[in-house]
Amino acid sequence: MSSPSSVRAHWSSRWAFILVTAGSAIGLGNIWKFPYMTGTNGGSAFVLVYLACIVGIGVPLLMAETMLGRRGQGNPVDAMRSVATEAGANQLWQVVGAIGILGASLILSFYSVVAGWILDYTVLAVHGFDGMSKDSLSAIFSALLADPWRLIGWHSLFMLLNLLVVIGGVTGGIERANKILMPALFAIVLLLLGYGIVAADMAAAVRFMFHFEPQAISATVILSAMGHAFFTLSLGMGAIMTYGSYLERGTSIARTCLYITLADTGIALLAGLSIFAIVFAQGLEPAAGPGLILQTLPLAFSQMPMGNIVGVLFFVLVAFAAWTSAISLIEPATSFLVERTGLGRKPAVAAVCFVAWFIGIAVALSFNLWSEIKLFGLNIFDLLDTLTTKMLMPLAGLLIALFAGWVMKRAHVADEIGLQGGAFRLWYGAVRYVSPVAIALIFLNVIGVIG
Ligand code: TRP
């Protein structure tokens, strides 16, 4: 019998893993969500907590989740079973994998609807945004949200595109798509930054995002920022675990995770600065919410030289970034179905996409026909976002930290992580103490038990 590691596909190189995981991490979370969350959560307070969460919780857990995937060599459920068995621990730890598979599929459903907005705006950008005012742009966004067929049509197309790539398999489809697109996205974000410096109010943007204002930090800001740190690094939902399971032994998990985080955080900050520079130069509302980038950037495209081309290019690249992220949301459930049920890869991908597509229809309707349907005061879109980002991800993150920090044998951990001496102790301390305590405190605080 061959060992699992010899039958599973693997990345073609360390750079492939970095690229693909960065492709998963960098997506709508960086370009769409980070700026609007920063705006609705008061700017610098949110950014400060977000950065603290990235450093103190995000990077350590990114490493831990990658490690569990590589050691466990399997889909999230089987990987957890295998590492739990090795550690002589309870098989209930498989729940971590199940939470991931469920959460990733739920995220996919609303992620695809938002990616649909981007596709819609790509077409709008082809026609150009010339002569548009901030009022006409906000009317355009409202009209999109009000139209169920437009939303469902683009959502369906996006899901179909995902289906095609993921069916292509790990090294064929996913790797190839990422190699060109990530650097291109980086280039266009730099271009927007340049525009923000030259033609908009970059000083105001810097002040808004980095002005030290600790008194503005509240419990909601902290939970939102922590949730977003998980979201942007694709943490806790089995995506990183699955990608880690395709990673060759012998590759430094620490270094690769550091590169991935730097790229992810860098893109988010640059995108945020560019957008707020335009927001303040044009007298727009920073707390506009999920439509922020769609009501902001077209103004810049209508004014900059060759703005039409830049606009189209921008939306195309954001759509690609969303695509490479969505792929990673499909992979956990797919690998589970393939390895557990013996289903072929194609029907497995089709099943996962179908379920997420179906739930996505409810998300699309929650902006119009079903906007009155609410639970805990949240519509379907907000409900799914809150459930996954603010609950399932931190919960899975907490469990991953506890497992890697307290259950797994230290020698095995050290062997996988590949850090020595003080660096290892620093990471281990973050996983054993800082992450679980921080996540638990934030949870308790939100439930109102303390603080
Ligand atoms: N990180 C991606 C983004 O910022 C979204 C994403 C992809 C994700 N895969 C994930 C989020 C897995 C959570 C879990 O756009």
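Values in this text are rule-based calculations from the coordinates and carry no lab data. Small disclaimer: the values here were computed from a predicted structure and weren't measured. Glycine gets a Cβ as well: all are built from the backbone with ideal geometry, and neighbour counts include every protein chain shown.
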Return an integer: the convex hull volume of the alpha-carbon atoms of segment 110-228, in Å³ per residue. 188
Principal-axis tilt of helix 44-53 within the chain, Cα atoms, nearest 10 degrees: 20
How many percent of Cα pairs in segment 230-288 exceed 19 Å? 49
Theoretical FRET efficiency, 1/(1+(r/R0)^6), r = Cβ-Cβ of MET306 and ARG410, R0 56 Å, to 0.05: 0.50
In the chain, if every C-alpha pair distance is counted and binned at 20 Å from zero, what percent goes to each bin? 26, 59, 14, 0
Separation of alpha-carbon centers, segment 137-211 and segment 359-438, rounded to whole Å: 24
Calculated [θ] (222 nm, deg cm²/dmol) that DSSP helices of n ≥ 4 give over the chain, each run adding -39,500 (n - 2.57): -23000 deg cm²/dmol
Place the peptides 127-134, 220-227 in order of packing, highest mean first, counting for every residue the other Cβ atoms within 10 Å and averaging per peptide. 220-227, 127-134
Share of Cα-Cα pairs in segment 327-451 beyond 17 Å, whole percent, is 72
Rg(Cα) of segment 255-322 divided by 2.2 N^0.38 Å? 1.25
In degrees between 0 and 90, to the nearest 10, how far off the longest principal axis of the chain does helix 59-72 point, with axes built from Cα atoms? 50
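Quick check on packing: order 88-97, 156-165 by the mean number of other C-beta atoms within 10 Å, highest mean leading.
Ranking, from highest mean packing down: 156-165, 88-97.
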Can you give the relative contact order of segment 4-446 as a percent, counting alpha carbon pairs under 8 Å and 6+ residues apart? 36
Sort 322-332, 53-63, 366-376 for me by packing, meaning the mean count of neighbouring Cβ atoms within 10 Å per residue, highest on top. 322-332, 53-63, 366-376
